[in-house]
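The block underneath contains the structure these notes are about, expressed in structure tokens.
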Amino acid sequence: MKDSVEILLVEDNPGDVLLTQTAFKRSHIVNNLTCVETAEEALQLLRGEGDHAQAKRPDLVLLDLNLPRMSGIEFLQIVKHDDALKSIPVVV
């Protein structure tokens, strides 16, 4: 049995979320795709804070650069300067 890949999608556009979900369903990659709309929520999930205290840490982050309040660039800078998070691959 294959292990599931934990993927975090940080995307505020519902159409792009649907497109990504469809692509992963068609790919036959066993995955658990978690979607959040803001960089702030993504950071909470990565750090296991708030409503995401029990969330699994993702193996991969798919990141939109154009997000409300905190941009994807700001999010990426925070993640890559955090020793606990910087090893997680982020695809923009």
Karplus-derived HN-Hα couplings along the stretch 29-34 (A = 6.51, B = -1.76, C = 1.60, θ = phi - 60°), whole Hz, x at Gly and Pro: 7, 6, 8, 10, 9, 9
Coil-residue trypsin sites (Lys or Arg not before Pro) of the stretch 3-85, DSSP, other Cβ within 10 Å capped at 16: K56, R69
Listed candidates [x] 13, 31, 23, 17, 15, 3; [y] 17, 51, 29, 3, 0; [z] 15, 39, 29, 14, 3, 0 - label of the one calculated as P(r) over Cα pairs in 10 Å bins from 0, in percent: [y]
R26 versus N66: modelled label distance in nm, points set 7 Å from Cα along the beta carbon direction: 2.3 nm
For the chain, accessible area per residue (1.4 Å probe, heavy atoms of protein chains only), Å²: 63 Å²
The chain - percent of accessible surface contributed by carbon and sulfur, probe 1.4 Å: 52 percent
Neighbour-limited loop hits for GluC sites (Glu not before Pro), the chain (at most 15 other Cβ within 10 Å; DSSP other than H, G, I, E, B): E49
Accessible area in the full protein assembly, largest first, 1.4 Å probe, for V92, V30, V10, V17: V92, V30, V17, V10
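The values are calculated or read from the model by the stated rules, or taken from the named source; none is laboratory data. Quick caveat, the model's predicted, so the values are computed rather than measured. Neighbour counts are summed over all protein chains in view; Cβ atoms, including those assigned to glycine, are modelled from backbone coordinates with ideal geometry. Quick note on the areas: whole protein, heavy atoms, side chains included, nothing else; ligands and nucleic acids left out. Shrake-Rupley method; radii C 1.70, N 1.55, O 1.52, S 1.80 Å.
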